[in-house]
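Input: a single structure, listed below in structure tokens.
Values in this text are rule-based calculations from the coordinates and carry no lab data. Just so we're clear, the structure is a prediction, and the values are computed from it rather than from any experiment. Note: ideal-geometry Cβ built from the backbone for every residue, glycine included; neighbour counts use all protein chains shown.
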Amino acid sequence: MATLLETDAVLKRGLTALAKADPVMARLIAEGAAPHLRKRPPGFEGLAWIIVGQQVSTASAAAIWGRLRTLLDPPSPERFLRLSDEDLRGAGLSAMKIRTIRATASEIVGGRLPIDRLHGLPADEAHSLLTRVKGIGPWTADIYLLFCLGHPDAFPGGDLAVQEAARIAYGLDERPDAKTLTILAERWRPWRGVAAKVLWAYYRIAKAREGSPVT
């Protein structure tokens, strides 16, 4: 596995490798789609934060997470499992998110999800371990691997913005689905995560050119 995305030097190495491997990537990077290094806390805290933020606005996610973090202080799977559903609903968590984070905490405490060892595993293996947890889907797993662990080869092929950016960049007739985009991404190994960051950056550029809001 390539070095984790923990420094700008590693990110730059990934961008250089992508530019050499794929002329389209080289063009996107030259046009300004060079991403910044961004990382969230790893472990239970980072994974719970991603789950909290699903399908709500950034402001709402921040407010819910702030209330939840006050209850946990500091976040740990053991502390989460001691909280009642009433406490968690009061913090703003939906029933589904409570179930998912509870399942995650239980798997970590039980040793079935080796959260502290995922960074040393190939992206596909780490992804498989995460998605075995009830409620954690492919997108959540990939976002955790990429933004919390800095895994350079994690690839969220199901992300709509990444799909749309690929459609525009490669001149495709329609937006590729997750399976099609994952096949396309094979050329970017072992830097698929960096390629995803480039595509997110390009999505913002493309939408700005169109005068469309970025979602």
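Points worth noting:
- Output for the range 98-121, where each listed residue is more than 18 Å from Ile143 (Cα to Cα), touching a residue at least 24 places away in the same chain (Cβ under 8 Å) and among the charged types (D, E, K, R): Arg99, Glu107
Here's the yes/no breakdown for (1) touching a helix residue (DSSP H, G or I) at 6+ places or on another chain (Cβ under 9 Å); (2) crowded, with 22+ Cβ neighbours inside 10 Å; (3) under 23 Å from Ala17 (Cβ atoms):
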position: Ala103; (1), (2), (3): no, no, no
position: Ile136; (1), (2), (3): yes, yes, no
position: Leu145; (1), (2), (3): yes, yes, yes
position: Gly150; (1), (2), (3): yes, yes, yes
position: Gly158; (1), (2), (3): yes, no, no
position: Val162; (1), (2), (3): yes, yes, yes
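- Restricting the first member to the range 33-54 and to residues that are within 15 Å of Leu145 (Cβ to Cβ), and the second to residues that are among the aliphatic types (A, V, I, L, M) and part of a loop (DSSP other than H, G, I, E, B), the beta-carbon pairs closer than 7 Å and six or more apart or on different chains are Pro42/Leu149; Gly43/Ile115; Phe44/Ile115.
- Candidates Pro41, Pro114 - the one that is in a loop (DSSP other than H, G, I, E, B) and either over 27 Å from Val162 (Cβ atoms) or of a type in the set (Asp, Glu) (or both): Pro114
- Qualifying position, being in contact with a Lys or Arg (Cβ under 7 Å, 6 or more places away or on another chain) and surrounded by fewer than 18 Cβ atoms within 10 Å (Cβ to Cβ), among Ala21, Ala26, Ala34: Ala21
- Residue within the range 145-165 that is under 9 Å from the mean Cα position of the chain (by Cα), among the aromatic types (Phe, Trp, Tyr) and in a helix (DSSP H, G or I) present: yes
- Residues in the range 1-16 that are within 19 Å of Ala123 (Cβ to Cβ), surrounded by fewer than 19 Cβ atoms within 10 Å (Cβ to Cβ) and not polar (S, T, N, Q): Met1, Ala2, Leu4, Glu6, Val10, Arg13.
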